[in-house]
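Following: one structure in structure tokens, then a few remarks.
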Amino acid sequence: MFPIRKATLSLLEIADYWSREIQPPATKAELLRDLARAWWLGEIPSAAPARRELLKRMFSARNNPDLGIVFIAPGEAVPRTVHEFPDGTAMVDLTPKVHVPASSPDAWDEGSCEDAFREIAQISTGYLHLNYGLAFLELDYDEFTHWLAQHGYTRPKFWRPFQEHTRQEGGIKARSIEKAIGALWSWNIPQGLTAKERNNKIIKWLNENGCSVPQDPARAIQRVIKGHRLAGLGR
């Protein structure tokens, strides 16, 4: 069974298997919390632009008391946290608050949501339902080990994918290019951007996020974009 040879694992699977060997010991819930927090902080490349879309869905459900978060847009009054009663007692509302950049999610972009992402990352340390909402999000081996290296963890023994099961080297790099385009432009590549400018921005993103750059990046990028256009995705 071990090591696991799959190309990707969910956050929940990673937390489960990793908890069996990490030293000093940590529980599955603790490791899932750390991975979810890293996702909200953008430390995992596949977080963008998915985290903004998840934030939008959470905001649309802001009136649902089960969500357990109070969203505050600019110009809105901050809800009272202390409610006093005639008998002298008081009730303190500890519901966490997240500040969003505008009352309309259509006005949000990745940069303007950074404060909200950080606030949710902090909240997730104490609200397990936020972490389990991300439990089935999948990471590939390169994403996970890159994050481990950033935080000084040693590579675990439980996961060693076969090369042929990681979509081959070209497939891994294609997926990294997809993530770069999603993070930079949400697949709406600006019309006025030249191919050279576009490619340079993608290559810069790959380097900054610890992803491998293809030997012929221009050809690889064009292949990814063409494949998405044929599938009817993006521009």
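With helices as the sole contributors, the chain gives -13500 deg cm²/dmol at 222 nm; each DSSP H run of n ≥ 4 counts as -39500 (n - 2.57), and the sum is divided by every residue.
Using C-alpha pairs below 8 Å separated by at least 6 residues, the relative contact order for the chain is 27 percent. Rounded to whole Å, give me the distance from the Cα center of the stretch 43-108 to that of the stretch 194-229. Distance between centres, Cα-based: 36 Å.
Annotation note: GluC sites (Glu not before Pro) in the stretch 79-159 located in DSSP loop regions with a Cβ neighbour count of at most 11 within 10 Å are absent. The C-alpha atoms of the chain define a longest principal axis, and helix 195-208 lies at about 70 degrees to it. Looking at the chain alone, DSSP beta bridges between its own residues are antiparallel in about 60 percent of cases.
Pick from Ala183, Ala218, Ala149: which is most flexible by mean-square fluctuation in a GNM of the chain where alpha carbon atoms under 10 Å apart are linked? Highest fluctuation among the options: Ala149.
With 29 Å as the limit on Cα-Cα distance, the pairs of Lys157/Lys179; Lys6/Lys179; Lys28/Lys204; Lys6/Lys201; Lys6/Lys173; Lys28/Lys179 that go past it are Lys28/Lys204; Lys6/Lys201. In the set (i) 41, 22, 14; (ii) 36, 26, 13; (iii) 25, 20, 19, the label that goes with semi-axes √(5λ) of the Cα gyration tensor in Å computed for this structure is (ii).
FYI, it's all coordinate maths here, none of it is from the lab. Fair warning: this is a prediction, and the values are worked out from it, not measured in the lab. Note that we place each Cβ from the backbone using ideal geometry, even for glycine, and neighbour counts take in every protein chain shown.
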